[in-house]
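What follows is one structure encoded as structure tokens, with my remarks underneath.
The values are calculated or read from the model by the stated rules, or taken from the named source; none is laboratory data. In this text the structure is predicted, and so the values were computed from the model without any measurement. Counting neighbours? That spans all protein chains shown, and the Cβs are built from the backbone with ideal geometry, glycine included. The area values use the complete protein model at the heavy-atom level, side chains included, leaving out ligands, DNA and RNA. Shrake-Rupley method; radii C 1.70, N 1.55, O 1.52, S 1.80 Å.
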Amino acid sequence: MKISKADARTWFEFFASLPEYEELSPRQEEIVWAALRQIEEAVEAEQRRLIGEIPGVDSLDGRTLFVGPKERFSAGCRSCLMGTGLSAIRKTNRCNVQCRFCYNYGELDCQPPIGEGMWEIGGAKYAEEDIPLLLRASNRPTGVSYVYLEPFMEIEKYYGVIRIFRDAGIHQHLYTNGTLATEENLRALGEAGLDELRFNLGASGTADRVIENIRAAKKYIPTVGIETPMTPEYFAAFHKKKAAILDTGVDFMNCAELHLNPNNLGNYLGENLYMTRHGYLSPVFSRRLTLKLMREAAEERWPALVHDCCNMTKFARDINLRAREGGWFGATSYGMEFPRLPYEAFLPILNDPEFHFLKEEPLPEGYRPGDLTF
């Protein structure tokens with residue numbers, strides 16, 4: 001049904017007032033998904049318009065968009081989208097900064113440890129000396145990524161594991177906020193065999209020392225990129241230092257569409273939010289900023305590749321991964337990260353006089369406010 005914005009607002013105000021334990025009827029659920037699809041279609045229409053304004057926008061097999069030199073498209077991203085996924089390796093459960101966009105916001109001090117001398121790979125625990133056995137006995141990944149939370153808190157523990165995967169010929173990338181990087185540990189990472197280092201430049205507010213660490217990393221690590229959720233704060237800070245950032249020789253910029261979970265949602269309540277394919281919940285501004293940056297990069301012919309790492313890219317990633325794991329047609333783990341839909345989070349966009357649905361129709365009988373719904 002093409003529910004009207006006014007009817008969607010009325011119903012969502014009602015749903016937001018319900019106690020958490022009260023479940024919706026099937027017809028009420030129809031109303032919810034109809035309203036969210038109306039929002040999604042209107043948001044995506046604007047996104048398509050913005051994409052149409054980007055000269056030379058390119059696609060990786062229809063799975064994601066980018067601008068810039070194709071040879072600089074991250075091998076880690078290729079593994080994620082066309083190989084065996086992220087293949088995340090976890091070790092460090094601490095971080096030295098707190099970002100309002102972080103998925104662990106408010107819970108950084110209570111993240112469970114991986115365990116002394118242990119590494120989490122594929123959800124299981126391994127000692128470093130177990131990894132050669134894992135590589136012999138298991139399906140070898142196209143790439144692995146070191147995540148959770150800030151590896152440079154104990155980066156010296158990573159060198160040995162990186163050497164093992166290097167000797168196995170497996171692509172490796174690592175995420176960092178960059179504030180603890182030094183000439184010495186960047187050199188050590190390069191010598192150990194790290195293929196790719198990604199800086200979350202927004203985590204430091206584009207700090208000068210992190211920009212210089214990007215420049216230093218280029219001396220020792222084959223591929224160096226920036227991967228940051230797109231927020232207005234980062235967008236503004238980036239432009240203040242754009243020349244210095246591009247001058248580092250950075251290979252690529254992954255513009256991540258900020259998606260929200262119960263930890264960080266409170267930091268963005270009041271913003272216009274939308275949901276992609278019943279899954280990730282994001283501020284409308286995030287991908288809009290990405291597409292504006294891509295247009296700027298294309299028009300100015302930046303040497304760095306700029307990648308639209310949006311919700312649909314994540315959707316494509318999970319479809320690919322499940323297929324490679326032998327899942328049935330259509331299988332994916334992509335989905336909503338909330339135990340209960342936060343109805344109140346959609347009231348700002350439904351109350352925004354500048355936001356319009358593409359097409360509206362009256363609700364059918366049995367779905368109107370005041371009707372008994374089943």
*Could I have the simple spin-label model distance between E365 and M153, label points 7 Å from Cα toward Cβ, reported in nm to one decimal?*
6.1
*Pairing the Cα long axis of helix 208-220 with the longest principal axis of the chain, what angle in degrees results, from 0 to 90 and rounded to the nearest 10?*
50
*Points 7 angstrom from Cα along the Cβ direction at L133 and K242: gap in nanometres?*
5.4
*Which three lengths, in whole Å and largest first, does region 232-297 cover when its Cα atoms are put on their principal axes?*
39, 22, 18
*asked:* How big is region 50-118 along each principal axis, measuring the range of its Cα positions in Å and listing the largest first?
replied: 48, 28, 17
*Stokes-Einstein at 20 °C, 1.002 mPa s, Kirkwood radius from Cα pairs: D for region 93-142 in µm² s⁻¹?*
162
*Cα Rg, Dmax, region 71-202, angstrom units*: 14.5, 41
*Round to a whole number: what % of the accessible area of the chain belongs to carbon and sulfur, probe 1.4 Å?*
51
_List the Cys residues of the chain that have no partner Cys with a C-beta closer than 4.7 Å._
C77, C80, C95, C110, C255, C309, C310
*Is region 270-374 best put as rounded, prolate or oblate by its Cα gyration tensor, with a ≥ b ≥ c the root eigenvalues, rounded for a/c under 1.5, and otherwise prolate when a/b is larger than b/c, oblate when not?*
oblate
_Gaussian network model of the chain, Cα within-10 Å springs - most flexible of A304, A137, A237_ = A137
_Calculated FRET efficiency for the pair E29/V97, C-beta based, R₀ 35 Å, to 0.05_ = 0.30
*Using DSSP, restrict attention to beta bridges with both residues in the chain and report what percent are antiparallel, rounded to the nearest 5.*
35
*Work out the FRET efficiency for E299 and L358 from their Cβ-Cβ distance, taking R0 = 25 Å, and round it to the nearest 0.05.*
0.30
*Using θ = phi - 60° and the Karplus form 6.51 cos²θ - 1.76 cosθ + 1.60, what ³J(HN,Hα) does each residue of region 42-54 get, whole Hz, x for Gly and Pro?*
5, 5, 5, 5, 5, 4, 5, 5, 5, 4, x, 8, 8
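When Rg is the radius of gyration of the Cα atoms in region 1-127 and Rh is its Kirkwood radius, what does Rg/Rh come to?
Rounded to two decimals, Rg over Rh is 1.09.
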*Ordering W328, W33 from largest to smallest accessible area (1.4 angstrom probe), what's the sequence?*
W328, W33
_Nearest 10 degrees, 0 to 90: helix 183-192 Cα axis against the chain principal axis_ = 90
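Send over a whole-number figure in Å² for the accessible area per residue of region 1-151, probe 1.4 Å.
Computed with neighbouring chains in place, this is 50 Å² per residue.
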_For T228, residues with placed amide H under 5 Å, excluding near neighbours_ = N254, A256
*Put a dot 7 Å past each Cα toward the Cβ at E44 and R166; how far apart are the dots in nm?*
4.4
*Which whole-number value in Å² is the accessible area per residue of region 170-246, probe 1.4 Å?*
34
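Compute the accessible area per residue over region 320-366, keeping the other protein chains in place, probe 1.4 Å, unit Å². Spell out each step's value before the answer.
On the way: 2990 Å² over 47 residues.
Using a 1.4 Å probe on heavy atoms only, each residue of region 320-366 averages 64 Å².
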*So what's the back-of-envelope 222 nm ellipticity for the chain, counting only DSSP H runs of four-plus at -39500 (n - 2.57) apiece and dividing by all residues, rounded to 500?*
-11000 deg cm²/dmol
*Would you please state the base-10 log of I(q)/I(0) at q = 0.13, 0.15 1/Å for region 172-227, with intensities from the Debye formula using one equal scatterer on every alpha carbon?*
-0.24, -0.33
*Antiparallel %, DSSP beta bridges [both residues in region 1-154], to 5*: 75
*Over region 321-374, with a single point scatterer placed on each C-alpha, what log10 of the ratio I(q)/I(0) does the Debye formula yield at q = 0.16, 0.22, 0.25 1/Å?*
-0.88, -0.98, -1.03
*Compute the long axis of helix 284-300 from its Cα atoms, compare it with the longest principal axis of the Cα atoms of the chain, and write down the angle in degrees, 0 to 90, nearest 10.*
50
_How big is the chain along each principal axis, measuring the range of its Cα positions in Å and listing the largest first?_
68, 46, 38
